[in-house]
Amino acid sequence: QVQLVESGGGFVQAGGSLRLSCAASGRTFSSYTMAWFRQAPGKEREFVAASSSIGMTRYTESVKGRFTISRDNAKNTVYLQMNSLKPEDTAVYYCAAAPTGRSYYWGQGTQVTVSS
């Protein structure tokens, strides 16, 4: 199955930036839909951003203009650049990958903590 490894989480003050990375296995990475989800304590996991196999991107409204998802197919890696971070962005961030016609595979998550 697809294996995903997230990195780049940490502590940051409000207004700061972080860049998350997710390395994926597989020779057909370019055909995967890649996405980021997050889950805060006591909350449901929510969609954050996605990049389709043809380069179309989608974001949840609360991060539009602040977060950018991108991918480097040569490195089998997807990124989430997070700028102007807010305390409400604090959560465990999960990378997800969906090969064409298949359901999502999930990474283990990386903690992002934004202090006020």
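Data table
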quantity	calculated
Order of exposure, largest accessible area first, which applies to 110, 68 with probe 1.4 Å	68, 110
Local electrostatic count, residue 62, Cβ distance below 11 Å [Lys/Arg +1, Asp/Glu -1]	0
Cα gyration tensor category, rounded, prolate or oblate, for segment 22-80 with a/c compared to 1.5	prolate
For the chain, with +1 on Lys and Arg beta carbons and -1 on Asp and Glu, the positive-most of 104, 9, 53 along the dipole	53
Relative contact order %, the chain, counting alpha carbon pairs below 8 Å whose residues are six or more apart	37
Reachable aspartates and glutamates from residue 75, criterion Cα separation under 19 angstrom, eight or more residues apart if same chain	6
Partner aspartates and glutamates for residue 43 [C-alpha distance under 20 Å; skip if fewer than 8 residues away on the same chain]	61, 88, 89
Pair residue 86, residue 72: separation of 7 Å Cα→Cβ label points (nm)	3.0
Length-normalised contact order of segment 18-77 in % [C-alpha pairs under 8 Å, at least 6 apart]	34
Unit charges on C-beta of K, R, D, E only; dipole of the chain, Debye	220
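The values are calculated or read from the model by the stated rules, or taken from the named source; none is laboratory data. Just so it is clear, the structure is predicted and the values come from calculations on it, not from any experiment. A quick note on method: Cβ atoms are made from the backbone with ideal geometry, for glycine too, and the neighbour counts reach across all protein chains shown. Please note that ligands, DNA and RNA were not included when accessible areas were found on the heavy atoms of the full protein model with its side chains. Shrake-Rupley method; radii C 1.70, N 1.55, O 1.52, S 1.80 Å.
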